[in-house]
Amino acid sequence: MICGLGLPEEILQGVAAGIDLFDSTYIYSLTLGGFALTFSLDKNGNQDHFHLSQIGSDLTKINLRATAYRKDMSPILGNCSCYTCQNHTKVYINHLFNVHEMLAQILVEIHNTHHYLKFFHAIREAIRDGRFERFRQTFIESRRLH
Ligand SMILES: [Zn+2]
């Protein structure tokens, strides 16, 4: 078990080093900043397409406080099965942040926790199928590209 490692790359390096449990505030901190995870969980490491015009956003996350989402009627991630993505849009969450409604953080944390658990699920699948090292390298390479 290790405390303090939370970034996806850190998780992958930790797993490669034999760590089984991670105690991290990454999701909480990310959510506090208004960020939602959007990195691809595709087995081949393919990146989906996102609007990157807003400050602080990259291929791994978007900032839902950004004005870019004032009219965005789509969910955080179109293919996400979490409660937030199934029931709410970016424009609604952006509005909640703007009026300092605490529901904004609750909804974003639901998505981020769901997304990160799927990331850990993908890691376990890769280990089980004997392709963890390829998964790790592809994932890190795809994030390094931007
Ligand atoms: Zn979601």
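The values are calculated or read from the model by the stated rules, or taken from the named source; none is laboratory data. Worth saying up front: this structure is predicted, and the values here are computed from it rather than measured. Backbone-built Cβ (ideal geometry, glycine too); neighbour counts: all protein chains shown.
At-a-glance table
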| quantity | calculated |
| --- | --- |
| Test: residue in the range 81-97 that is in contact (Cβ under 8 Å) with a residue 60 or more places away in the chain and more than 16 Å from the chain's Cα centre (by Cα) | yes |
| Search result, residues across the range 1-10 that are touching a Ser or Thr at 6+ places or on another chain (Cβ under 8 Å) and in contact (Cβ under 8 Å) with a residue 60 or more places away in the chain | Pro8 |
| The lone exception for Ile123 - which of (1) modelled with pLDDT of 95 or more; (2) assigned to a loop (DSSP other than H, G, I, E, B); (3) under 18 Å from the mean Cα position of the chain (by Cα) it fails | (2) |
| Wholly enclosed helices (runs of 4 or more DSSP H) of the range 7-96 bearing at least 2 residues within 13 Å of the ligand (Cβ to nearest atom) and at pLDDT 95 or above | 26-32, 83-87 |
| Of residues in the range 97-110 being in a helix (DSSP H, G or I) and among the aliphatic types (A, V, I, L, M), the one nearest to the ligand (Cβ to nearest atom) | Ile110 |
